[in-house]
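Structure record follows, encoded as structure tokens.
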């Protein structure tokens, strides 16, 4: 049976999804902002004939 200290050391050497998750979240926020800008700019009232 492996030693508990050895198992904890092996687990602490592995990286989690921190960087990848951070990149995905930032990209999602930027994409949502661009989508909102694109959709909302169609609701501008720039018609001079009103």
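Residues considered: 27, 36, 10, 32. Of these, the only one that is surrounded by 10 or more Cβ atoms within 10 Å (Cβ to Cβ) and at pLDDT below 80 is 10. Of the set (1) at pLDDT 65 or above; (2) not in a helix (DSSP H, G or I), all apply to residue 1 but (1).
Inclusion of residue 21 among residues that are modelled with pLDDT under 65 and in a helix (DSSP H, G or I) is not warranted.
The values are calculated or read from the model by the stated rules, or taken from the named source; none is laboratory data. Here the structure is a predicted model, which is why all the values come from computation and not from measurement. Quick reminder, even Gly has a Cβ in these numbers, built from the backbone with ideal geometry, and neighbours come from all protein chains shown.
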